[in-house]
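What follows is a single structure, written as structure tokens, with notes after it.
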Amino acid sequence: MVVGTVVAPQQISLVFTVLLAPMIFFGCAYYPWAALHVIPWFQYAVLLNPLVYANEGFRLALTPAMPHMPMPLVYGALVGFSILFTWVGLRKFESRALD
């Protein structure tokens, strides 16, 4: 909802190139978050990406023997990002609908 209310409909295809592709690539889908320990600054920078927590949650559920984030951190971050993006999306949608 946030992306749909911030970006003009004519430019939505640009979102996939500029926003979604890097989010997926740096979202720890292809590697575990713990593997980034060799680049500490990057390991903490990717924590701003909500897909990191979703992918780590899947990794936790499907391959518990692999290194992953602690479960409370994964669930807490997913709930926190959900609340944040719901709130921002509703505010943007409301302001756009009233204009």
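The values are calculated or read from the model by the stated rules, or taken from the named source; none is laboratory data. Source: prediction; values computed, not measured. Cβ atoms come from the backbone with ideal geometry, glycine included; neighbour counts cover every protein chain shown.
Worth pointing out:
- Output for region 79-95, where each listed residue is surrounded by 14 or more Cβ atoms within 10 Å (Cβ to Cβ) and among the charged types (D, E, K, R): K92
- Considering the conditions (1) surrounded by fewer than 12 Cβ atoms within 10 Å (Cβ to Cβ); (2) at pLDDT 95 or above; (3) over 30 Å from A8 (Cβ atoms), P64 is excluded by exactly one of them, (2).
- Number of positions in region 47-73 that are in contact with a Leu (Cβ under 7 Å, 6 or more places away or on another chain) and under 23 Å from A21 (Cβ atoms): 3
- So L98, is it over 28 Å from Y31 (Cβ atoms), loosely packed, with under 11 Cβ neighbours inside 10 Å and either modelled with pLDDT under 95 or not basic (K, R) (or both): yes
- Residues of region 56-91 that are touching a residue at least 12 places away in the same chain (Cβ under 8 Å) and of a type in the set (D, E, K, R): E56, R59.
- Yes/no for G76 being surrounded by 12 or more Cβ atoms within 10 Å (Cβ to Cβ), outside any helix (DSSP H, G or I) and modelled with pLDDT of 90 or more: no
Conditions tested, residue by residue: (1) polar (S, T, N, Q); (2) at pLDDT 90 or above.
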{"position": "M1", "(1), (2)": "no, no"}
{"position": "P9", "(1), (2)": "no, no"}
{"position": "V15", "(1), (2)": "no, no"}
{"position": "F26", "(1), (2)": "no, yes"}
{"position": "Y30", "(1), (2)": "no, yes"}
{"position": "A34", "(1), (2)": "no, yes"}
{"position": "A45", "(1), (2)": "no, yes"}
{"position": "N49", "(1), (2)": "yes, yes"}
{"position": "R59", "(1), (2)": "no, yes"}
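- Test: residue in region 3-12 that is among the hydroxyl-bearing types (S, T, Y), surrounded by 11 or more Cβ atoms within 10 Å (Cβ to Cβ) and in contact with a Phe, Trp or Tyr (Cβ under 6 Å, 6 or more places away or on another chain): yes
- Selection status of A61, assigned to a loop (DSSP other than H, G, I, E, B), small (G, A, S) and over 30 Å from A97 (Cβ atoms): no
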